[in-house]
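The values are calculated or read from the model by the stated rules, or taken from the named source; none is laboratory data. None of these values were measured; they are calculated from a predicted model. No Cβ is skipped: glycine too gets one built from the backbone with ideal geometry, and neighbour counts run over all protein chains shown.
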Amino acid sequence: MVGYQRNDSLTHNQKFIAGCVTGMIARLITQPLDIVKLRMQLQQKSGDGRSINISEIIRKISQEEGLKAFFHGHYIGQIHSTLSVLAQFFVYELATKQVANSGIDEKHLPTMEFFCGIFAGCCSATVASPLEVIRVRQMIVKEQYKGLLNGAKEVYNTGGVLAFFEGLSASLIQLGPAVGLSFSVFRWLQPFILRHLSDDNDNGEHSQNIAHKPAHIVIASMVAGSAAGFVSKTATYPFDLVKRRLQIGTHKQDSRYSTPSTSQHLIRCNKFLACIYNTIKKDGIRGLYQGWKITVLKSQLTSIVAFTTYEVTCHCIREYNAR
């Protein structure tokens, strides 16, 4: 189970490794969906007021940019994802350890663990913000922001140092509660599913995670991860939309670079509250959920991969330690 466990045989270094592995695998699998999701979130409606659909976005990207376009920004994305996921899991581990050792009343633990998740999400958002801004812009116009150093230079030239933290306010408001909800849902649902899957033959001499069969851990983690991704992203989605539009606030289209049609008419924002107000004014409340379907699908897949990879990696390390 994610978070601190008193009788866990894993060291902090081993959980650090599990977090790194989780981040890399999660990014590799979900990168194409992230490209589609981003283009949909930033896309203006057509002249007849119709929103572009998922299949149309995929078709245009494939025809205009080729299949490689679905992996634009992947290298920086790998660094960003590893850093972000690692921060979430590792900070959450340390925070829940402090709470568990603080002597707090057990009935208040779920609430405190939720706040631990918020803290982990905020740390992750802050640490990964500069890389995320570069990555987002690479996914829009790869050539203009090509490479880590060149991408950083372009971001700096358009808005200075503060440009690397565009959308941070929305990111903190979105990612903090999202991670808190995600971990809370997973920590409640995964053990519940495991109890119904596992054989009733645990003699209590081994740790809980070792007693469970690997197949049961995978199934429980996938189901709980999917639920965690759906709940956390749906509850905080409007802030995710605003964050993306803020992150390209100072982006300027450069005529020297070829800009795909799906990246030409983008919605940019410079202020958090103004972005929400203008979106509602133009498109109504539904406008805050533009791109929700693909985003939730991507969030569920990310959570399934992340939680399952983390749990399986930790299980393998525990088995190795038990030899």
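Screening Ser198 against (1) buried (at least 19 other Cβ atoms within 10 Å of the Cβ); (2) at pLDDT below 95; (3) not hydrophobic (A, V, I, L, M, F, W, C) leaves a single unmet condition, (1).
Selection of helices (runs of 4 or more DSSP H) fully inside the range 1-108 by the criterion of at least 1 residues being over 20 Å from Phe307 (Cα atoms), touching a residue at least 12 places away in the same chain (Cβ under 8 Å) and small (Gly, Ala, Ser) returns 74-100. Screening Gly160 against (1) within 30 Å of Gln253 (Cβ to Cβ); (2) modelled with pLDDT under 90 leaves a single unmet condition, (2). Within the range 44-58, is there a residue that is under 16 Å from Ile140 (Cα atoms), surrounded by fewer than 22 Cβ atoms within 10 Å (Cβ to Cβ) and modelled with pLDDT of 90 or more? For the range 44-58, residues under 16 Å from Ile140 (Cα atoms), surrounded by fewer than 22 Cβ atoms within 10 Å (Cβ to Cβ) and modelled with pLDDT of 90 or more: present.
Residues of the range 251-270 that are farther than 20 Å from Ile52 by Cα, of a type in the set (S, T, N, Q) and within 23 Å of the chain's Cα centre (by Cα): Asn270 alone. What residue, among those in the range 1-18 that are buried (at least 20 other Cβ atoms within 10 Å of the Cβ) and touching a Ser or Thr at 6+ places or on another chain (Cβ under 8 Å), is nearest to Val136 (Cα to Cα)? Looking at the filtered set, the residue picked out is Ala18. Note on the range 232-260: residues that are part of a helix (DSSP H, G or I) and either among the hydrophobic types (A, V, I, L, M, F, W, C) or surrounded by fewer than 13 Cβ atoms within 10 Å (Cβ to Cβ) (or both) amount to 5. State whether one or more residues within the range 236-247 are more than 20 Å from Ser55 (Cβ to Cβ), in contact with a Lys or Arg (Cβ under 8 Å, 6 or more places away or on another chain) and either modelled with pLDDT under 90 or among the β-branched types (Val, Ile, Thr) (or both). Yes, some residue in the range 236-247 is more than 20 Å from Ser55 (Cβ to Cβ), in contact with a Lys or Arg (Cβ under 8 Å, 6 or more places away or on another chain) and either modelled with pLDDT under 90 or among the β-branched types (Val, Ile, Thr) (or both).
Residues that are under 20 Å from Ala128 (Cβ atoms), modelled with pLDDT under 90 and touching a Pro at 6+ places or on another chain (Cβ under 9 Å) are absent from the range 30-39.
One residue alone among Ala274, Ala215 is over 28 Å from Phe164 (Cβ atoms), free of Cβ contacts under 8 Å to residues at least 12 places away in the same chain and in a helix (DSSP H, G or I), and that residue is Ala215. Restricting the range 285-299 to residues that are crowded, with 20+ Cβ neighbours inside 10 Å and of a type outside the set (A, V, I, L, M, F, W, C) leaves a set whose member that is nearest to Ser232 (Cα to Cα) is Ser299.
For the range 111-136, which residues satisfy the criterion of being under 26 Å from Ala69 (Cβ atoms) and either over 17 Å from the mean Cα position of the chain (by Cα) or of a type in the set (A, V, I, L, M) (or both)? Reasoning before the result, please.
We begin by selecting, within the range 111-136, every residue under 26 Å from Ala69 (Cβ atoms); these are 128-136.
Residues satisfying the conditions are Ala128, Leu131, Val133, Ile134, Val136.
Going by the conditions given, is Thr308 of a type in the set (Val, Ile, Thr), modelled with pLDDT of 90 or more and within 23 Å of the chain's Cα centre (by Cα)? Yes; evaluated as a whole, the condition is true for this residue.
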